[in-house]
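Structure first, then comments.
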Amino acid sequence: MPARYDFRKIISESYGVLLVAAVIGLAAGYLLENHLPRHVAIFLMMVPPLNSMGGNIGSVLAARLSSALHLGVVTPDFQRQRVLGINITASGVLGIISFFVIGASFFFIEYLVFSGALMTSFKIMLIFFSAGLLLTVILIGVTVTSTFISYKRGIDPDNVVMPIVTTLGDIGGIASLIILIHLIGV
Amino acid sequence: MARNRVKKIVRQVLPILLLTGFFNLGAGSLLGGMEEQMGKYLAGTLVMVPPLMALKGNITGTLASRLGSGLHQGLINSGNILNKEVKTNVYAAIALSVITAVTIGTIATLITVMFTGTLFSLSLLAQLVGVAVIAATLSVILLSLIAVAVSILSYRRGWDPDNITSPVLTTLGDILSIGSLYLALMVVLKIAGKI
């Protein structure tokens, strides 16, 4: 007979992780409030799609990698492996296609809705697309590393990697966006 | 061979990825629309956006996975939606969101006072904590109800709730939580007499 749900147990076991995620999120929010160009609504619009698509690419990779580890088709070593290569390539391809499609939507939003100049709209698209690619690279690195390390230490990656990937996805998305805004400029 | 396997993964994941992207474009335009109110009336709101979004994701994600395990183990009776075990889980999710939102509002006030030169006042603290608590609780209640309904209905149909509930929550989550934040900001600004 498995234990019944206990209100207090759920609260005390969850609060620590939630607090850590909240503090990291606040750091991301601080970046957002103080380092984005003021009053440019289009950059704020980019935050939710960037974070959620990055988080999904990372968590799908994490889920597949941990199943592959459990099945024994991938070993937790940082070297060339066929199945690992396939998974990383697939995540990269997913990043390129999806950030390009949503980036193109930002081109039309800036050009048609905000009546921006053609060059500005193009730069907006380029900023979103390159920030997405940078985020994809960061998240693939973080996902592979944290999955391998937790598996080697005997911790089930299913339980740890997901919160790490989504939390880092949030702060990494905003950081990538700020870096690309400064690199490309508007 | 390897090429085909890459293609297969891309083909399966891409549709849901693009769907979340477009849904979140909606969330993003809400956020963009809030910019003026946030900057002009209540400094510190933007600081709370990432932690509040992460909070609702973490709370409802763990709720969904507890519900899935509970249904599989037979702890939760799928015939009766509002049974005791479901209620305990939903109440715990709501309590967690209130406690963590108070923490987020308090730290956001400290950040705003320390780094932006805004003077500390009890009213700033009350407003930021108020926005955080209303936004978090509202989105967690809505998403918990969706999580319960989706897991129980999919279980009844013979689908594995572990595969269905989380994607539904991540797709709806951001737009609901930004919508709740918008509503919370409006309510608090109205009470404070700023709009």
Criterion: in a helix (DSSP H, G or I), among the aliphatic types (A, V, I, L, M) and under 29 Å from B:Leu30 (Cα atoms) - qualifying residue of B:Leu142, B:Leu153
B:Leu142
Of the residues that sit in region B:89-145 and are of a type outside the set (A, V, I, L, M), without any contact (Cβ under 8 Å) to a residue 24 or more places away in the chain and touching a helix residue (DSSP H, G or I) at 6+ places or on another chain (Cβ under 8 Å), which one is nearest to A:Arg8 (Cα to Cα)?
B:Tyr91
Tally of residues being farther than 30 Å from A:Gly25 by Cα, in a helix (DSSP H, G or I), open to solvent by less than 30 Å² (accessible area, probe 1.4 Å) and more than 10 Å from chain A (Cβ to nearest Cβ) across region B:52-106:
1
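Quick grid of which residues meet (1) in a helix (DSSP H, G or I); (2) among the small types (Gly, Ala, Ser); (3) within 11 Å of chain B (Cβ to nearest Cβ); (4) within 12 Å of the chain's Cα centre (by Cα):
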| position | (1), (2), (3), (4) |
| --- | --- |
| A:Gly95 | yes, yes, yes, yes |
| A:Glu110 | yes, no, no, no |
| A:Ser130 | yes, yes, no, no |
| A:Leu139 | yes, no, no, yes |
| A:Val144 | yes, no, no, no |
| A:Tyr151 | yes, no, no, no |
| A:Gly154 | no, yes, no, no |
| A:Val160 | yes, no, no, no |
| A:Leu168 | yes, no, yes, yes |
Just checking, how many residues over region A:58-75 are more than 7 Å from chain B (Cβ to nearest Cβ), touching a residue at least 24 places away in the same chain (Cβ under 8 Å) and farther than 9 Å from A:Gly169 by Cα?
7
Any chance region A:174-183 includes a residue that's surrounded by fewer than 24 Cβ atoms within 10 Å (Cβ to Cβ), within 14 Å of chain B (Cβ to nearest Cβ) and modelled with pLDDT under 90?
no
Tally of residues being in contact with a helix residue (DSSP H, G or I) (Cβ under 9 Å, 6 or more places away or on another chain) and without any contact (Cβ under 8 Å) to a residue 12 or more places away in the chain across region B:39-61:
5
Determine, yes or no, whether A:Tyr5 is at the interface with chain B (Cβ under 7 Å from one of its Cβ atoms), under 22 Å from B:Arg66 (Cβ atoms) and not in a helix (DSSP H, G or I).
yes
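The values are calculated or read from the model by the stated rules, or taken from the named source; none is laboratory data. The structure presented is a predicted model; accordingly, all values stated were derived computationally and were not measured. Neighbour counts run over all protein chains shown; Cβ positions are idealised from the backbone, glycine included. Please note that ligands, DNA and RNA were not included when accessible areas were found on the heavy atoms of the full protein model with its side chains. Shrake-Rupley method; radii C 1.70, N 1.55, O 1.52, S 1.80 Å.
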